[in-house]
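Down below is the structure, laid out as structure tokens.
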Amino acid sequence: MRMHSSVYKTTQLIKSEAGRLGFDFCGISKAEFLVEQAPLLEKWLRENKNGEMKYMENYFDKRLDPRLLLEGAKSVVSLLYNYFPAQAQTPNVPKISKYAYGKDYHEVIKEKLNEFLFSLKEKIGDFSGRAFVDSAPVMDKVWAEKSGLGWIGKNSNLINKERGSFFFIAELIIDVELVYDGPLKDYCGTCTRCIDACPTQAIVTPYVVDGSKCISYLTIELKDNIPTEFKNKMDNWAFGCDVCQDVCPWNSFSAPHQEQQFNNQNGLLNFTEQEWTEISEETFGAIFKNSAVKRTKYKGLKRNLEFLKK
Ligand code: SF4
Ligand code: SF4
């Protein structure tokens, strides 16, 4: 009984700390082998849906079992951090995905997760834990779904019933036993808006995105030239793509984030068509120094911008 009440208290503490650090939602699952995911992941890799994302093939076992990432792991704490911006880009210019408007989320969220672990250790004593944000070995959407934070929609994004899908997902894997949350049901129903709106028909069947056709992959991950079959289909996206999220009815519940570091600081949102076309390596370096956009490097962004030209 005493054991149970301390598990309950620690769980409450973790959830309130998550809120204090600015995470919008927190759900917890038992750290165990993802038995239902194993055949799905295998099939997805076999059919080459990962395109050039070969890192997906590494860590196959680790991706399915958090106990291989942290010895003695007992709980996966999933966290959502809102990035829906109040600001928008100038219309009719090359578009950047909303998640990349401000400072690189990896840095912002990693710092918060480290603070999270530190403050928990102060409050509950020492334990082992690892923090992850958008990290290849962790199937973040699957854990978030298992923990009741939403469901994975037909566009393959995690959708939260109260606030939609414009969230970063992060996890703490810890060797502390907690009270576990259960999954939610899927609320996509008969809707097919994301499938109908996808500019490259990358959602090949409901819930399955062919990564090698997705604009997000083509503009960020792909290292070669963008295949000519996608000419005039890019919907003016220069980095990432938000279409299947923008059209999702659950995103009518999105509310602007409160994270100052995600606000755009460098005039990027007011860039004109001409400024985009003429962007120099120097401007790129200055503007995207702290941004997730630097991932494409100047060469990659230039390739994308060139490809958009008629
Ligand atoms: S991100 Fe864009 S290209 Fe990729 S599946 Fe969604 S709508 Fe299609
Ligand atoms: S647009 Fe419709 S089908 Fe697609 S994820 Fe949203 S609710 Fe589901």
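Exactly one residue out of Lys223, Lys302 is open to solvent by less than 50 Å² (accessible area, probe 1.4 Å) and farther than 30 Å from Arg163 by Cα, and it is Lys302.
The condition of being buried (at least 18 other Cβ atoms within 10 Å of the Cβ), more than 17 Å from the chain's Cα centre (by Cα) and of a type outside the set (D, E, K, R) holds for only one of Phe271, Phe239, Phe262, Phe230, that being Phe271. Filtering segment 147-161 down to residues that are polar (S, T, N, Q) and touching a helix residue (DSSP H, G or I) at 6+ places or on another chain (Cβ under 7 Å), which residue is nearest to ligand 2 (Cβ to nearest atom)? So the residue we want is Asn155.
Residues that are more than 7 Å from ligand 1 (Cβ to nearest atom), surrounded by fewer than 18 Cβ atoms within 10 Å (Cβ to Cβ) and more than 18 Å from the chain's Cα centre (by Cα) within segment 186-220 comprise Asp186, Tyr187, Gly189, Thr190, Cys191, Thr192, Arg193, Asp196, Gln201, Val204, Thr205, Pro206, listed in sequence order.
Which of the residues belonging to segment 241-272 are aliphatic (A, V, I, L, M) and within 16 Å of ligand 1 (Cβ to nearest atom)?
Of segment 241-272, the ones aliphatic (A, V, I, L, M) are 243, 247, 255, 268-269.
The answer is Val243, Val247.
No other residue among Asp210, Asp186, Asp181, Asp175 is closer than 24 Å to Phe84 by Cα and acidic (Asp, Glu) apart from Asp186.
Name the one entry in Ser78, Ser97, Ser119 that is open to solvent by less than 40 Å² (accessible area, probe 1.4 Å) and closer than 30 Å to Ile287 by Cβ. Before the answer, list the steps.
Details: Ser78 fails: closer than 30 Å to Ile287 by Cβ; Ser119 fails: closer than 30 Å to Ile287 by Cβ.
Answer to the selection: Ser97.
Within the option set Phe166, Phe132, Phe116, Phe127, being touching a residue at least 24 places away in the same chain (Cβ under 8 Å) and within 16 Å of ligand 2 (Cβ to nearest atom) holds for one residue only, Phe166.
Taking segment 11-43 as the region of interest, how many residues are closer than 22 Å to His257 by Cβ and either touching an Asp or Glu at 6+ places or on another chain (Cβ under 7 Å) or of a type in the set (Lys, Arg) (or both)? The number of residues fulfilling the criteria is 5.
Taking segment 100-116, which residues are open to solvent by 20 Å² or more (accessible area, probe 1.4 Å) and over 23 Å from Gly164 (Cβ atoms)? Within segment 100-116, Glu107, Lys110, Glu111, Asn114, Glu115 meet the criteria. Ile124 meets all of the listed conditions (1) at pLDDT 95 or above; (2) out of contact with any Lys or Arg (no Cβ under 7 Å at 6 or more places or on another chain); (3) not small (Gly, Ala, Ser) but one, namely (1).
Restricting attention to segment 27-56 and to residues that are at pLDDT 85 or above and in contact with a Ser or Thr (Cβ under 7 Å, 6 or more places away or on another chain), the residue that is nearest to Asn160 (Cα to Cα) turns out to be Gly27. The single condition from (1) without any contact (Cβ under 8 Å) to a residue 40 or more places away in the chain; (2) part of a loop (DSSP other than H, G, I, E, B) that Val176 fails is (1). Evaluate segment 137-157: report whether one residue or more is part of a loop (DSSP other than H, G, I, E, B), within 30 Å of Val293 (Cα to Cα), modelled with pLDDT of 95 or more and open to solvent by 40 Å² or more (accessible area, probe 1.4 Å). No, every residue in segment 137-157 fails to be part of a loop (DSSP other than H, G, I, E, B), within 30 Å of Val293 (Cα to Cα), modelled with pLDDT of 95 or more and open to solvent by 40 Å² or more (accessible area, probe 1.4 Å).
In segment 198-212, of all residues being part of a loop (DSSP other than H, G, I, E, B) and of a type outside the set (D, E, K, R), the one that is nearest to ligand 2 (Cβ to nearest atom) corresponds to Pro206.
Note on segment 226-294: enclosed helices (runs of 4 or more DSSP H) holding 2 or more residues that are within 16 Å of ligand 2 (Cβ to nearest atom) are 243-246.
The values are calculated or read from the model by the stated rules, or taken from the named source; none is laboratory data. Nothing here was measured: the structure is a model prediction, and the numbers come from that model. Glycine gets a Cβ as well: all are built from the backbone with ideal geometry, and neighbour counts include every protein chain shown. These area figures cover heavy atoms from the full protein model, side chains too; ligands, DNA and RNA do not enter into them. Shrake-Rupley method; radii C 1.70, N 1.55, O 1.52, S 1.80 Å.
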